[in-house]
Amino acid sequence: MRWSNSALYTLQQCGERFRRRYIERDFRPTGVRAKRGTAVHKVASESHMRQMKSKEAGAGREEYLVGSLPTVEEAKDLAATVFDAAMVEGCAFSEDERAEGVEKVTGVQKDASVQMAEHYVGIIAPKVDPVGVERRVTIRPADSDIEITGIVDLVSEEWAGESPQELTDSPLALERRVRGQKIEVVNDLKTADRQPQEDAASRSQQLALYALIRTAEMGRPPDKVRLRTLVRTRTGKTSSVEQTAEKTQPDLEAVAQRLNTAIQTVQRGVFVPANPEAWWCSEKFCEFWSDCVFSLGKGR
């Protein structure tokens, strides 16, 4: 099978969910917040693709960074369109969401998608200098018949020292800062209902896997990784949190070991279900919960 961060993450959370999704190919509709994420990611990728095309056509820095972007209204319309299309494919609602009202919950998340898209195009995108967008890379480790596949949301470049608030620099980044050169940053974008933990970027398995894939592709690791989280606040506003880190060689080796262990688990056919007390072992977060032989609790 092809391994991705989603597959690895799922196996680590719940072996039974992994088995049904990736072995049995029992795909179920995702939740409404996943539709929100799909819509916002589409707006972000479209924005950066336009920047790259303008850049490759020879436009000046200010022209391709800002002038090539969709207007705020275009971004909002695209987010709404993508959200609606994702909903047509089917959506899983939890018992609490159904009690609140499917139409109400859907409307709130659609509004959030539109607002997050407006925030991204208006505030974040003009500051990003892209060199790679939605890059699908597949690597095959030596002496192995497995494939590791990843779609890296965004690879950007910036002048070393351009973001003085960042606390972590790789040796290569420091060297480039002295020389006044650009550094490469691998980015991941999330949407959320609450602030991420302070060390979310440094602990991010997805960014570690992205860094591993980028290293295999380019022959050297990225200078930094960055996690951007768009947060929908309780007041209905959108804020953004940016966290940067360095993925060192031990980080890359650790995620490789996690993949090796996951592969051995699948080969042995042993799929341990999640602890029923885990927050993700619930109807709200697992599409298989209602008919899973291992789930416990009301509504099963």
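The values are calculated or read from the model by the stated rules, or taken from the named source; none is laboratory data. No experiment lies behind these values; they were computed from the predicted model shown. Every residue, glycine among them, receives a Cβ derived from its backbone with ideal geometry; neighbour counts consider all protein chains shown.
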TODO: Among the residues of region 262-276, write down those that are assigned to a loop (DSSP other than H, G, I, E, B) and β-branched (Val, Ile, Thr).
DONE: Val270, Val272
TODO: Answer with yes or no whether Tyr64 is without any contact (Cβ under 8 Å) to a residue 24 or more places away in the chain and buried (at least 17 other Cβ atoms within 10 Å of the Cβ).
DONE: yes
Task: helices (runs of 4 or more DSSP H) enclosed by region 113-228 - at least 1 residues per element that are surrounded by fewer than 18 Cβ atoms within 10 Å (Cβ to Cβ), at negative phi and at pLDDT below 80 - done: 171-179
Open item on the list: Restricting to region 67-105, name every residue that is in contact (Cβ under 8 Å) with a residue 24 or more places away in the chain, over 28 Å from His48 (Cβ atoms) and among the β-branched types (Val, Ile, Thr).
Closed with: Val105
Task: Cβ-Cβ under 6 Å pairs, at least 6 apart or on other chains, region 277-300 side modelled with pLDDT of 90 or more, far side among the basic types (Lys, Arg) and crowded, with 17+ Cβ neighbours inside 10 Å - done: Phe288/Arg17; Phe288/Arg20
Open item on the list: Here's a check for you: in region 94-112, which residue that is assigned to a helix (DSSP H, G or I) and among the polar types (S, T, N, Q) is nearest to Ala79 (Cα to Cα)?
Closed with: Gln109
